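Coordinate-derived values only; no laboratory data. Keep in mind it's a predicted model, so treat the numbers as computed, not measured. Ideal geometry is used to build each Cβ from the backbone, glycine not excepted, and the neighbour counts take in all protein chains shown.
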Amino acid sequence: MRRDGADAVRLVLWLIIAALVLVPLVAIVVLAAGDNRFGLLLEGDVLEAGINSIVSALASGLGAVLLGTAFALLLERTDLRGRRALRLIALSPLLVPPFVGAIAWIGVAGPVSPVNRAWSDAFGSPLWSIYGGDGVIFLLIVHSYPIAMLIVTAALRRIPTDLEQAARISGASATGALATVTLPLLRPAMLSSFVLVSVGNLADFGIPSIVGTPEQYVTLSTLVYRYIQSGTVDDPLSVVATVGVVLLVLAILGLVADTVLGRRRWELDASTTPPARLRLGRARPLVGTLTWLVVSALTVLPLLALVSQSLLPAPGVPLTAENVSLDNFSRVLSSPIVTEGAANSLMLAVLAGLICGIVGLAIGTVTTRTRARDNAALSAVALFPQAIPGLVIAVAWLVIAPHIGLFNTPWLILCAYVTSFLALVVQSVAAPLRSIPLVAEEAARISGATRLRALFDISWRLALPAALSGAVLVALTAVRELTLSVLLLSPGSQTLGVAIFNLQQAGAYNAASTLSLLVTVVGLVGLGLAGRSTR
Amino acid sequence: MSRTATYTAIPALALSALLLAGCTSAAPETESSAEASTLTVYTSEPQEKIDAMVELFNESHPEVTVEVFRAGTGDLTARIESERASGDVQADVLLAADSGTFEDYAAEDLLLEYSPADVDALNPDVVDPEGFYTGTRIIPTVIAYNTGLVDTPPTSWADLTDAQYADQIVMPNPDVSGAAAYNAAVWLDEPALGESWMTDLAANNPVIAESNGPVSQAVASGTQPVGIVVDYLVRELAAAGSPVEVAYPSEGVPYVSQPVGIFSATDVPDAAEAFVDFLVSSEGQTLAVEQSYLPVRNDVGSPEGAPELDDIEMLSPDLETIRSTQDEAVAKFNELFN
């Protein structure tokens with residue numbers, strides 16, 4: 001076949017992807033292999049942090065799947081009251097950045113929270129402190145069960161109700177049908193969300209650094225942060241590259257596990273009959289009350305804690321009418337570091353959205369609307385960063401930064417954002433395009449358009465709305481990002497997330513809570529409005 | 001698709017509102033003949049304090065745009081190390097740490113020699129005789145306690161090793177806090193305290209918080225009712241209504257002077273010198289006192305609730321010894337307390 005413009009586009013895309021994904025990841029592997037510090041992994045600090053990371057990831061994966069499945073079943077298959085509202089509230093932790101959630105939960109279950117204080121006064125010791133390993137696992141569960149819930153709910157909707165009806169007709173009770181028919185069919189979705197959540201939580205930074213560090217509960221991500229920020233080891237980059245490679249290997253194992261499990265998955269034709277809801281009968285008020293209690297404890301309680309912390313001038317001051325003030329709000333909103341952080345975050349998020357939107361649009365269309373042998377490879381490489389912890393991507397960019405002259409500049413953060421979030425756009429573009437036949441492009445070609453022309457005029461226009469919404473999603477994710485920004489920060493490029501995190505680290509808890517509250521409320525109001533506008 | 005679009009529009013709007021709020025509070029433009037320049041300051045000052053300093057500095061020097069990078073002293077020195085490894089130090093001015101760090105930098109020819117205007121009015125203890133750095137405030141590390149939870153406050157370092165304070169103490173991490181690293185060296189060097197005292201203190205299982213800020217917060221909120229912490233944070237919390245008070249240990253208190261120095265690689269020596277002059281000027285020191293710091297000159301009074309400088313028993317060890325033993329002291333600390 002003759003080479004033409006479409007081939008040039010493909011080549012450019014490969015170059016972009018190589019620069020964004022392959023070069024950083026290869027650099028980190030090369031640095032780790034070259035210095036060969038793998039012996040370090042078995043040494044005290046790193047080994048302990050590694051075990052903590054793996055244990056907290058697996059435990060939170062399990063917890064998130066159990067909680068998410070329970071909610072999915074209750075809200076999809078029972079006649080509970082207020083299911084729609086409950087679903088909306090239960091999903092809300094998705095919209096709150098994990099580190100903000102951690103700050104909020106300290107107000108609920110920190111060692112001197114009102115609950116723990118009252119308990120100490122009555123029984124001598126606090127009820128339960130969120131600081132430490134158990135708190136980390138708990139918070140990871142709170143922030144990842146919505147993902148499991150979404151995946152399981154989607155799977156639940158695809159399970160044909162005929163099977164359950166057959167079981168019921170053959171004499172099984174409603175709960176019996178649920179346990180023997182529905183749950184086994186949900187197993188692949190549960191396993192897949194377990195893998196996804198566990199890998200995602202493997203290198204979460206915000207939660208362990210805020211509630212783990214005070215109890216010396218160190219995970220790989222907080223260890224890497226300490227090494228890079230405080231230089232407490234010799235040659236920190238080669239050490240963190242080694243840790244990064246380990247996380248990379250774990251992520252690839254997760255990916256492989258998910259693919260293998262996915263192959264054993266079977267598709268069933270969904271039936272059109274609506275599922276028979278499980279009648280809770282006399283248990284309905286009890287189950288309803290319990291569900292509402294749990295869901296609001298997980299979502300409303302931390303919000304209330306943030307509100308109370310934002311209204312108090314200093315720690316240890318009791319919450320009474322005369323102590324309440326709005327000073328914290330005016331202080332944080334006029335603080336240069338906050339306004340600068342917001343400006344930086346906004347700029348980086350918009351640029352990341354723009355770049356991811358354009359590159360993602362091109363990759364998404366080229367890999368679905370043209371025929372070529374390397375399509376699968378191109379899309380796989382573009383999607384790969386989604387499966388690896390942000391920590392690895394940050395370390396990878398840190399390793400190559402001095403060689404490409406980006407050390408200590410905000411553009412380093414932008415690069416890392418693009419690497420991490422490109423997959424969001426590629427996915428949202430490619431998914432709907434795959435199911436549309438190629439007739440329009442073929443018609444254009446028959447009418448004399450070149451391949452490039454057909455790509456521009458037909459495919460890209462077709463995919464533009466999807467790319468736009470993908471880009472918006474990228475900007476939304478990036479604007480509240482912490483892990484990448486905190487590891488790559490440089491003078492003058494601190495983001496909003498880093499500003500909140502630094503306030504918290506420096507002990508300005510009331511100010512950090514105030515900003516967290518603002519970020520949370522903005523996110524939740526957005527959800528409310530979006531939910532209303534689509535109904 | 002419209003769902004996602006709406007998700008974003010709102011945070012974006014809110015953020016731009018934040019931005020606008022910030023713009024209105026920016027310093028007013030003033031006429032000036034001096035050349036506009038950008039000064040990068042690395043500092044471990046609390047964010048609000050350094051912001052206030054920059055604001056006041058800009059009133060007399062509107063032509064200088066001050067870019068602040070705030071982090072713990074340990075984090076700043078690590079950053080400076082990595083910047084040196086891949087080029088020049090980005091900072092023009094370092095306002096942080098303890099004199100030992102500055103001595104090291106001076107020995108490596110990283111610092112510009114500069115004695116601030118008005119140097120004779122300053123406390124001679126905090127001025128580097130060679131002129132590479134100048135102390136900007138006196139920051140003693142003291143014992144803080146929660147008045148609601150502690151009936152018999154500790155009055156000496158030795159008291160802290162008493163079993164009644166087991167699991168009750170919180171102190172900062174010397175990997176992060178420059179003052180804490182310095183203190184570790186001073187305690188080890190002090191004959192009355194030394195390693196045996198530190199071992200006894202470690203036996204009381206103190207919580208090691210990230211830096212001084214969280215320590216003061218923990219004491220104020222009662223998480224741990226006793227803390228080893230820099231004094232000004234406690235005064236501030238007490239002024240804001242927190243139930244905290246300071247005890248100056250009878251053996252004496254170690255102090256750091258938050259020195260300021262100019263990196264020789266700076267492109268804007270004039271602006272850097274003006275900033276250093278400002279910090280120790282009576283104007284800058286008056287602000288320091290308002291910010292609860294003990295000043296380095298005696299014509300600006302002292303912060304509300306603070307004792308007179310002469311009434312505080314200070315530990316003034318040999319700086320050379322401290323400087324040469326500080327790294328080992330931090331290692332020793334980490335070994336005993338982890």
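Computed over segment A:55-181, relative contact order equals 35 percent, with contacts defined as Cα pairs under 8 Å that lie 6+ residues apart. Lys and Arg at +1, Asp and Glu at -1: add these up for the other residues within a Cβ distance under 10 Å of residue A:233 and post the number. Net local charge, residue A:233 excluded: -1. Note on segment A:166-233 and segment B:261-285: Cα centroid distance 52 Å, given to the nearest whole angstrom. Measuring from centroid to centroid over Cα atoms, what is the spacing of segment A:470-520 and segment B:52-111 in Å? About 23 Å separates the Cα centre of segment A:470-520 from the one of segment B:52-111.
With a Förster radius of 25 Å applied to the C-beta separation of residue A:283 and residue A:169, the computed FRET efficiency comes to 0.55. For the pair segment A:322-358 / segment B:126-162, the C-alpha centres are spaced 35 Å from each other.
Computed extension gain for residue A:403 through residue A:263, at 0.36 nm per residue and net of the alpha carbon distance, reaches 46.2 nm.
Would you please classify the overall shape of the protein assembly as shown from the alpha carbon gyration tensor, given that a ≥ b ≥ c denote the square roots of the eigenvalues, rounded means a/c under 1.5, and beyond that prolate means a/b larger than b/c while oblate covers the rest? In terms of gyration-tensor shape, prolate. Once the C-beta distance of residue A:117 and residue A:3 is scaled by a Förster radius of 60 Å, the resulting FRET efficiency is 0.25 to the nearest 0.05. Among beta bridges identified by DSSP and lying wholly in the protein assembly as shown, the antiparallel ones come to about 55 percent. Electrostatic tally near residue A:444: other residues with Cβ closer than 13 Å to its Cβ, Lys and Arg +1, Asp and Glu -1, net +2. Peptides B:240-253, B:221-234 ranked from most to least packed, by the mean per-residue count of other Cβ atoms within 10 Å: B:221-234, B:240-253. Taking 0.36 nm per residue of separation and subtracting the Cα-Cα distance, full extension of the segment from residue B:331 to residue B:149 would add 62.3 nm. Each label was represented as a point 7 Å from its Cα along the Cα-to-Cβ direction; for residue B:65 and residue A:438 these points are 5.2 nm apart. Charge tally for residue B:223 (other residues, Cβ to Cβ under 13 Å; Lys, Arg +1; Asp, Glu -1): -1. On full extension, the segment bounded by residue B:88 and residue B:318 gains 79.6 nm, given 0.36 nm per residue less the C-alpha separation. Between the beta carbons of residue A:48 and residue A:253, assuming R0 = 22 Å, the FRET efficiency works out to 0.55 to the nearest 0.05. In order along segment B:184-194, phi translates into HN-Hα couplings of 4, 5, 5, 4, 5, 7, 7, x, 5, 10, x Hz, rounded to whole numbers, per the Karplus curve 6.51 cos²θ - 1.76 cosθ + 1.60 with θ = phi - 60° and x for Gly and Pro.
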